[in-house]
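S.K.: Before we start, here is the structure in question, set down as structure tokens.
The values are calculated or read from the model by the stated rules, or taken from the named source; none is laboratory data. Predicted model, so just to flag it, every value in this text is computed and none were measured. Here Cβ is always computed from backbone atoms with ideal geometry, including for glycine, and neighbour counts include all displayed protein chains.
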Amino acid sequence: MMIGAGAVSSRAVQFGILAISGLLVAGCSSPSSDTGGGSRLGNLLAFNTSTPKEVVVGQAAVYCPPVSVQPGTAAFTLYERGQEGNIMAVTNQANFGELARECADVGGQNAIRVGISGRLIQGPKGTVGNTVPIPVRFVVLDPDDKPVATRVTRLQTAIPPGQSGVSFTHVEEFGGLPGGPQGMRGYSVRVGFETAASSR
């Protein structure tokens, strides 16, 4: 079935607006955080904010380090092979939404659960129904900005037929992290898409 030029042009313009919005989000230091209990991440984590705070777990106050997006890794873009960098050849693009974390003291060591939400949108050259692996890197940094834990998780996400995008959420857990009287003060957590641009 042939698609009229007007339909293709309209779709391209719509994606262009979405892509520009994504770049604006990528330019921020970190995504917005919802501190209310009704957010998507609020249903996954009992405590959801990206700012430092002491969290009471049992009788102990556990310091929970801040979480933010690693600069330059806020967007994940897939292009048609050989067309990298061409906005009109984008098949899919993913961006972060909210970040959240909660911490616990487990026998003198720390455990952190990091929650993320985001959205995958279809580009001008995208097709719905295909599973898109979205690689997200999680890194825990010590006070000297040295990684003490790192992990890459590939989220399998697909846009349902009849829709131009889909939201996704994920919670990553780290255990056995350094503890002590100061807990994890000075530590930080960074998340980011493993590759800023790719092809398929």
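S.K.: Please verify whether the range 179-189 includes one or more residues that are over 16 Å from Ala74 (Cα atoms) and of a type in the set (Phe, Trp, Tyr).
M.R.: Step one: of the range 179-189, the residues over 16 Å from Ala74 (Cα atoms) are 179-188.
Narrowing further to those that are of a type in the set (Phe, Trp, Tyr): 187.
Yes.
S.K.: Taking only pairs six or more apart or across chains, which ones have beta-carbon atoms under 7 Å, a first residue in the range 143-166 that is of a type in the set (Val, Ile, Thr), and a second residue that is in a loop (DSSP other than H, G, I, E, B)?
M.R.: Val148/Asp142; Val148/Pro178; Val152/Glu194; Ile159/Val128; Val166/Ile159; Val166/Pro160
S.K.: What are the residues in the range 57-80 that are assigned to a loop (DSSP other than H, G, I, E, B) and modelled with pLDDT under 90, if any? Reasoning before the result, please.
M.R.: Quick first cut of the range 57-80, residues assigned to a loop (DSSP other than H, G, I, E, B) only: 58-59, 65-66, 70-74, 80.
Within the range 57-80, Gly58, Gln59 qualify.
S.K.: While we're looking at this one, here's another question. So which residues in the range 135-159 are farther than 17 Å from Ile112 by Cα and either within 20 Å of the chain's Cα centre (by Cα) or surrounded by 15 or more Cβ atoms within 10 Å (Cβ to Cβ) (or both)?
M.R.: Pro135, Arg154, Leu155, Gln156, Thr157, Ala158, Ile159
S.K.: When you check Gln163 against the structure, is it part of a loop (DSSP other than H, G, I, E, B), exposed (fewer than 14 other Cβ atoms within 10 Å of the Cβ) and not basic (Lys, Arg), yes or no? Don't jump to the end; show me each part of the working.
M.R.: Details: part of a loop (DSSP other than H, G, I, E, B): yes; exposed (fewer than 14 other Cβ atoms within 10 Å of the Cβ): yes; not basic (Lys, Arg): yes.
In short, yes.
S.K.: State yes or no: is Ala111 among the small types (Gly, Ala, Ser), assigned to a strand (DSSP E or B), farther than 18 Å from Phe76 by Cα and touching a Phe, Trp or Tyr at 6+ places or on another chain (Cβ under 6 Å)? Can you show your working first?
M.R.: On the way: among the small types (Gly, Ala, Ser): yes; assigned to a strand (DSSP E or B): yes; farther than 18 Å from Phe76 by Cα: yes; touching a Phe, Trp or Tyr at 6+ places or on another chain (Cβ under 6 Å): no.
No: the conditions fail for Ala111.
S.K.: Filter the range 78-96 down to residues that are out of contact with any Phe, Trp or Tyr (no Cβ under 9 Å at 6 or more places or on another chain) and either of a type outside the set (Phe, Trp, Tyr) or buried (at least 23 other Cβ atoms within 10 Å of the Cβ) (or both), then give me how many there are.
M.R.: Residues that pass the stated criteria total 6.
S.K.: Those residues that are among the aliphatic types (A, V, I, L, M), more than 15 Å from Glu194 (Cβ to Cβ) and in contact (Cβ under 8 Å) with a residue 40 or more places away in the chain, I need them from the range 121-141; list them, please.
M.R.: Kept after step one, since they are among the aliphatic types (A, V, I, L, M), are these residues of the range 121-141: 121, 128, 132, 134, 136, 139-141.
Still in the list and also more than 15 Å from Glu194 (Cβ to Cβ): 121, 128, 140-141.
Ile121, Val140, Leu141, listed by residue number.
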